[in-house]
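A.B. asks: My questions will all concern the structure given below.
Values quoted throughout were computed directly from the atomic coordinates according to the rules given, and no laboratory measurement underlies them. Source: prediction; values computed, not measured. Here the Cβ is made from the backbone with ideal geometry for all residues, glycine too, and neighbour counts use every protein chain on show.
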Amino acid sequence: MFRWQQAEGKRHALDGPFAPRPGETFTALCGAEVTVARRDVPQLGGHWFDPTCSDCADEWLRQDGQARSNEERCPA
């Protein structure tokens with residue numbers, strides 16, 4: 001099951017049944033190894049203000065069979 005988790009300045013996606021806890025590292029769908037901080041967990045007083053990792057979002061859609069074509073993407 002995919003889920004979003006803020007870590008290291010971005011909202012990353014991961015595949016797993018549970019959200020990582022502060023201090024735990026996970027491999028995001030984009031391939032980055034990121035560590036969750038206390039400020040990344042809303043239930044512990046953190047905030048979700050960081051931007052979504054576009055590579056994680058694209059990989060989520062690809063694995064879910066909803067990938068956008070190059071024509072559907074915004075120009076860089």
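A.B. asks: Once every DSSP H run of n ≥ 4 in the chain is given -39500 (n - 2.57) and the sum is divided by its residues, what mean residue ellipticity at 222 nm do you get, rounded to the nearest 500 deg cm²/dmol?
C.D. replies: The per-residue figure over the chain is -4000 deg cm²/dmol.
A.B. asks: How tilted is helix 54-63 with respect to the longest principal axis of the chain? Cα atoms for both, answer in degrees (0 to 90, nearest 10).
C.D. replies: In the chain, helix 54-63 runs at an angle near 70 degrees to the longest axis.
A.B. asks: Still on this structure, please answer the following. Cα convex hull of the chain: mean projected area in nm², to one decimal?
C.D. replies: 5.4
A.B. asks: I'd like to compare 55-63, 37-45, 5-13: which one has the highest average count of other Cβ atoms within 10 Å, and what's the full order after that?
C.D. replies: Answer by packing, highest mean first, reads 5-13, 55-63, 37-45.
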